[in-house]
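The values are calculated or read from the model by the stated rules, or taken from the named source; none is laboratory data. In this text the structure is predicted, and so the values were computed from the model without any measurement. Note that each Cβ is placed from the backbone with ideal geometry, even for glycine, and that neighbours are counted across all protein chains shown. Heads up: the accessible areas ignore ligands, DNA and RNA and are worked out on the full protein's heavy atoms, side chains in. Shrake-Rupley method; radii C 1.70, N 1.55, O 1.52, S 1.80 Å.
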Amino acid sequence: MIRLFKVFIPAGTLTLFVSEALLVASAFIFATYIVLEVDPTVFLLYDGGLSRIALVVISILVGLHLHDLYSQIQVKSRIVLIQQLCLVMGAAFLAQSLIAYLNSSLRVPIRVMLVGSAIAVAAIFCWRLLFSAFAFQLVGRDRLLLVGGSPLLEDIAQYIVDRPESGLEIAGYLDDRHETGAVLPGGKLLGSMGSLRDIVRTTQPHRIVVGLFERRNRMPVGELLELRFAGNVIEEAANTYERVCGRVCLKEIRPSQLIFSGELGPRPQNLVYQRLSNMIVAVIGIVAALPLMLLTALAVRLSSPGAVLYRQTRVGLDGALFTLYKFRSMRADAELATGAVWAQKDDPRVTMVGRIIRRIRFDELPQLYNVLKGEMSIVGPRPERPEFVKALNEQIPYYRQRHCVRPGITGWAQVNYKYGDTLQDTITKLEYDLYYIKNMSMSLDTYVLFHTLKAMLLSRGAQ
């Protein structure tokens, strides 16, 4: 796995992305040599041909991403893959029509677009089949040997089993809890702790992940030290969990890990950069979205009685209370009888217009004003209501630590996890929030925003 934007990305995914970018660019360059009557070199080098093709390549790669073709690499159905590729090319043609409307000199000639798209579909289809069957098994595969018997090791293995595109595989387990040969998630028990060096020599893992079942159990320090000096990579299970799953493990975290961590917590310069960028984005967003906000306000006003804006008290930076603004998506008397409750799936209190604006996230647009006031950030942990925060602080360790940064309109938890309405969901989202706080940076914010736009376009995650 390779770390980009403060996120660990499977090497296989990155390899596929780069290879397909080159493949699509080559397809359109080849198309110029087939269909153009003039010298293609003149078109490519002196008539802006390469920059035009670059725009097409970007639109196609974005389309592949929006169809989850970089998160689900393995081909399960050839027919579905062909359908997805055709839809991607259709979107690329629409992008070309928009480009032609804005600036016709940036449009790729229609014959080049037709032939290049046909070649690109055939090339990507064949490459995907080959990559899924063979190359994906070879590129960037990390084999993990799980040592110690901690339940966290099985959680890591199950995550890897459920996501074969992660580029990881389990070499096996090593502990004193089970009998040799016992089948566990992703692999089997290869032996006891006493056979550590022999099994490492046999399996040749890329990483040795250590997690003891109980802290009082003896760690084989001498063997691990020898293996480390021999060039083996050795990690604690909690660190591997964070790297693989993209969240901090609350079950294993200790206060000393947080206190002495060199990365944890927002750095002052990051907060300054974030505040400046938030101000700029908020101003641009309010101006650009003003027509949409006016139309949304009109739809809310006409669809049901009550105020257009919904005002709600939330907990912000350092536990300070502030008023959050949203377009009202529920009936005006939604909580009259029940008081403060979490939203549910297919919530009957949501109005018809409210369901639509929630799905496309337009109900969140007034929060740009909260960002402008400095109460919120574009990216950060979602703010909760004080009624919930009080209870969650008592039930979940480290929950109050999420208030060390400004809450956000969107966040790392929102792009990685479903809408939560249970205590366990809240714990999982807190693990994602702590990962964001630990790795807070402009690059991670950009990554979150990119995936938020994807969720908005595909109407995912709404409740």
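Evaluated against (1) touching a helix residue (DSSP H, G or I) at 6+ places or on another chain (Cβ under 6 Å); (2) part of a helix (DSSP H, G or I); (3) buried (at least 16 other Cβ atoms within 10 Å of the Cβ), Met440 falls short on exactly one condition, (2).
Return the residue satisfying two criteria in turn: it lies in the stretch 404-428 and is open to solvent by 40 Å² or more (accessible area, probe 1.4 Å) and part of a helix (DSSP H, G or I), and of such residues it is nearest to Cys249 (Cα to Cα). The qualifying residue nearest to Cys249 (Cα to Cα) is Ile427.
Residue by residue, here is whether (1) on the phi > 0 side of the Ramachandran plot; (2) surrounded by fewer than 19 Cβ atoms within 10 Å (Cβ to Cβ); (3) touching a helix residue (DSSP H, G or I) at 6+ places or on another chain (Cβ under 6 Å) holds:
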position: Gly63; (1), (2), (3): no, no, yes
position: Gln72; (1), (2), (3): no, yes, no
position: Lys76; (1), (2), (3): no, yes, no
position: Leu94; (1), (2), (3): no, yes, no
position: Tyr101; (1), (2), (3): no, yes, no
position: Val112; (1), (2), (3): no, no, yes
position: Arg141; (1), (2), (3): no, yes, no
position: Gly149; (1), (2), (3): yes, no, no
position: Leu152; (1), (2), (3): no, no, yes
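Scanning the stretch 21-48 for residues that are open to solvent by 20 Å² or more (accessible area, probe 1.4 Å), under 37 Å from the mean Cα position of the chain (by Cα) and not aromatic (Phe, Trp, Tyr) yields Ala21, Leu22, Leu23, Ala25, Ser26, Ile29, Gly48.
The lone criterion from (1) out of contact with any Pro (no Cβ under 9 Å at 6 or more places or on another chain); (2) farther than 18 Å from Arg228 by Cβ; (3) at pLDDT 90 or above left unmet by Ile170 is number (1).
Could we say that Pro397 is in contact with a Pro (Cβ under 6 Å, 6 or more places away or on another chain) and outside any helix (DSSP H, G or I) here?
On the way: in contact with a Pro (Cβ under 6 Å, 6 or more places away or on another chain): no; outside any helix (DSSP H, G or I): yes.
So Pro397 does not fit the description; no.
Residues in the stretch 27-61 that are out of contact with any helix residue (DSSP H, G or I) (no Cβ under 6 Å at 6 or more places or on another chain) and without any contact (Cβ under 8 Å) to a residue 24 or more places away in the chain: Glu37, Val38, Asp39, Thr41, Val42, Leu45, Tyr46, Asp47, Ile58.
Table: residues versus (1) hydroxyl-bearing (Ser, Thr, Tyr); (2) within 13 Å of Cys245 (Cβ to Cβ); (3) within 30 Å of the chain's Cα centre (by Cα).
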{"residue": "Val147", "(1), (2), (3)": "no, no, yes"}
{"residue": "Leu153", "(1), (2), (3)": "no, yes, yes"}
{"residue": "Ile156", "(1), (2), (3)": "no, yes, yes"}
{"residue": "Ile170", "(1), (2), (3)": "no, no, yes"}
{"residue": "Thr180", "(1), (2), (3)": "yes, no, no"}
{"residue": "Gly186", "(1), (2), (3)": "no, no, yes"}
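Given the structure, is Ala122 at pLDDT 90 or above, of a type in the set (A, V, I, L, M), open to solvent by 10 Å² or more (accessible area, probe 1.4 Å) and closer than 27 Å to Asp39 by Cα?
Numbers: at pLDDT 90 or above: yes; of a type in the set (A, V, I, L, M): yes; open to solvent by 10 Å² or more (accessible area, probe 1.4 Å): yes; closer than 27 Å to Asp39 by Cα: yes.
Answer is yes for this residue.
Any residue that is of a type in the set (Phe, Trp, Tyr), modelled with pLDDT of 85 or more and surrounded by 15 or more Cβ atoms within 10 Å (Cβ to Cβ) - is there at least one of those in the stretch 8-20? Yes: the stretch 8-20 contains one or more residues that are of a type in the set (Phe, Trp, Tyr), modelled with pLDDT of 85 or more and surrounded by 15 or more Cβ atoms within 10 Å (Cβ to Cβ). On the stretch given as the stretch 277-290, residues that are open to solvent by 40 Å² or more (accessible area, probe 1.4 Å) and either within 17 Å of Leu317 (Cα to Cα) or in contact with a helix residue (DSSP H, G or I) (Cβ under 8 Å, 6 or more places away or on another chain) (or both) total 4.
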